[in-house]
1. Report the full-extension gain for the segment Leu67 to Lys53: residue separation times 0.36 nm, less the Cα-Cα distance, to one decimal in nm.
2. Mind giving me the FRET efficiency for Glu13 and Thr190? R0 is 30 Å, r the Cβ-Cβ distance, nearest 0.05 is fine.
3. Once amide H atoms are built 1.01 Å from N in the peptide plane, which residues 5 or more positions from Val75, or in another chain, come under 5 Å H to H?
4. Find how much the distance from Leu155 to His175 grows on full extension, using 0.36 nm per residue of separation minus their present alpha carbon separation; answer in nm with one decimal.
5. Nearest 5 percent is fine: what portion of the DSSP beta bridges confined to the range 100-219 is antiparallel?
6. Provide the packing ranking of 15-22, 64-71, i.e. peptides ordered by the mean count of other C-beta atoms within 10 Å per residue, highest first.
7. Near Lys225, which lysines are there with a Cα under 28 Å away, not counting those fewer than 8 places off in the same chain?
8. Can you work out ³J(HN,Hα) from phi for every residue in the range 123-129, in order, using Karplus 6.51 cos²θ - 1.76 cosθ + 1.60 and θ = phi - 60°, giving whole Hz and x for Gly and Pro?
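Only the coordinates and a few stated rules stand behind these numbers; no lab work does. All of these numbers come straight from a predicted model, not from anything done at the bench. Glycine gets a Cβ as well: all are built from the backbone with ideal geometry, and neighbour counts include every protein chain shown.
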Amino acid sequence: MDMKKLAGDKAAEYVKDGMVLGLGTGSTAYHMVNAVGELVKNGMKIQAIPTSKATEAQARELGIPLLTIDELDHVDLAIDGVDEIDPQFNAIKGGGGALYREKVVASMAKEVIWIMDESKLVDKIGAFHLPVEIAQYGSKQAMEKMAAYGFNPVLRVKDGKTFVTDNGNYIADLHLGAGFDIQDVYGKLTGMLGVLEHGLFLNMCKRMIVGCASGEVKIIENPAK
Ligand code: 5RP
């Protein structure tokens with residue numbers, strides 16, 4: 001049972017004709033993008049904004065009409081994956097390094113849906129590292145600042161090289177531990193010199209769609225949205 005596919009396919013049911021759609025990034029979003037491609041193939045008229053170069057390439061391949069960020073004036077619905085989410089709808093995102101574009105698109109969206117397998121549901125976020133996108137220039141100093149706060153930052157490395165985002169920046173992964181003080185970390189990272197954006201997405205989604213090992217798909221609505 002592919003839990004990610006269950007969630008991705010279900011999310012595509014919320015896509016309606018005429019929508020401007022935010023397409024997320026990652027292995028769960030991958031299934032949703034495929035399902036949206038199918039809708040387009042069957043005649044649905046939508047436009048989409050991808051949140052990464054990888055998603056853009058996939059959407060192009062599927063023939064999904066795309067907008068650039070400069071052409072975008074609204075987003076009806078953004079659908080994306082998460083790395084962890086708690087019952088208060090506080091999420092960590094950015095495991096794939098696309099958190100900045102993901103946050104830009106989700107912030108513009110009238111409605112946000114997070115899709116996931118059931119392993120992403122946690123009581124308290126923080127066992128997963130918190131990704132922070134930082135400028136290359138001054139990255140040493142930004143890392144030192146985060147270390148001084150006790151955030152245990154580790155510069156992300158992929159295939160033996162420092163990972164570079166689609167925006168040309170680095171990622172610092174903060175090892176905070178489950179139950180860290182979310183508001184304190186959010187406050188300290190916001191506006192920190194050298195930090196472009198961080199992967200805390202707090203209470204942004206209207207619903208979670210969760211694919212379960214049993215084959216069930218849980219839909220959890222956010223009462224605050
Ligand atoms: C990418 C993300 C992804 O949505 C997140 O990492 C979840 O990925 P996956 O669905 O592959 O588990 O934030 O930056």
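1. Numbers: separation 14, 0.36 × 14 = 5.04 nm, distance 1.30 nm.
Extra length available between Leu67 and Lys53 comes to 3.7 nm.
2. Working: r = 35 Å, r/R0 = 1.17.
Between Glu13 and Thr190 the formula returns 0.30.
3. Lys110
4. Details: separation 20, 0.36 × 20 = 7.20 nm, distance 1.11 nm.
Here the answer is 6.1 nm.
5. Details: 16 of 21 bridges.
The antiparallel fraction comes to roughly 75 percent.
6. Details: 15-22: 18.2, 64-71: 12.8.
Result, highest mean Cβ count within 10 Å first: 15-22, 64-71.
7. Qualifying lysines at Cα under 28 Å: Lys4, Lys5, Lys10, Lys16, Lys45, Lys93, Lys103, Lys110, Lys120, Lys124, Lys188, Lys206.
8. 6, 9, 6, x, 5, 7, 5
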